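All of the numbers you see were taken from the coordinates with simple rules; none came from a lab. No experiment lies behind these values; they were computed from the predicted model shown. Glycine also receives a Cβ, built like all others from the backbone with ideal geometry; neighbour counts cover every protein chain displayed.
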Ligand SMILES: NC(=O)c1ccc[n+]([C@@H]2O[C@H](COP(=O)([O-])OP(=O)(O)OC[C@H]3O[C@@H](n4cnc5c(N)ncnc54)[C@H](OP(=O)(O)O)[C@@H]3O)[C@@H](O)[C@H]2O)c1
């Protein structure tokens, strides 16, 4: 099973284009991401992997997608040249689910394989830089909404947001998250 997990603003903005997220300090979303990805095989674009350097632990199986077969992903990482190969690596490791953690290039490659989307929708529009990076547009008709949780901003996480869980139609409902 392939899952895409991402946080985006109202225009699907996910990155500044200069390395980094358009927002800072969202503990609620960070916890959501940590909880969902724990113990799973993760597919990560080489740029995002380097940006999140040190974040991935032994609990994860990070698979870094790069065109450089000699890339050194560190002690616990693996390298894949494409989504197919990453899916095989995840299956071989016995971890049933491959969670695609971005960035934009990798979301675009993986969207056609996605069985589910775990999205954090921020109720805000950020001003993108000229090189703003966006989550790819998905066909609403292809996916069914399984759950939605709305959160108001608070002192810790000032931005209000929705956690949305979508499953591709025709592939059954997965409710274990
Ligand atoms: N808001 C969110 O949820 C979220 C999540 C993750 C990331 N982000 C943001 O997204 C941005 C990074 O995204 P990005 O699109 O620039 O980079 P990326 O998707 O993280 O990584 C791109 C790299 O992946 C490799 N790649 C791309 N297509 C490939 C293919 N067909 N076959 C093999 N390898 C391929 C290439 O690595 P090589 O150059 O090594 O060949 C390419 O440079 C950052 O700003 C980050 O903060 C946001």
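Side notes on the structure shown:
- For the chain, modelled as a GNM whose springs connect Cα atoms under 10 angstrom apart, the maximal fluctuation among 139, 85, 61 occurs at 139.
- For segment 1-50, the Kirkwood hydrodynamic radius from C-alpha pairs, put into Stokes-Einstein at 10 °C and a viscosity of 1.306 mPa s, yields a diffusion coefficient of 128 µm² per second.
- Kirkwood radius and radius of gyration were both taken over the C-alpha atoms of the chain, and their ratio Rg/Rh is 0.94.
- Part-to-part distance (alpha-carbon centres) for segment 60-108 and segment 3-37, which is given in Å: 19
- Between residue 171 and residue 150, the modelled label-to-label distance comes to 2.8 nm, taking each label 7 Å out from Cα in the direction of the beta carbon.
- Here the sum of -39500 (n - 2.57) over DSSP H runs of 4 or more residues, divided by the residues of the chain, equals -5500 deg cm²/dmol at 222 nm, to the nearest 500.
- Value in Å of the Kirkwood radius, where segment 100-177 supplies the Cα pairs that are averaged: 14.2
- GNM result for the chain, Cα springs below 10 Å: residue of 55, 138, 23 fluctuating most strongly: 55
- Within a Gaussian network of the chain (alpha carbon springs, distance under 10 Å), most fluctuating of 156, 166, 121: 156
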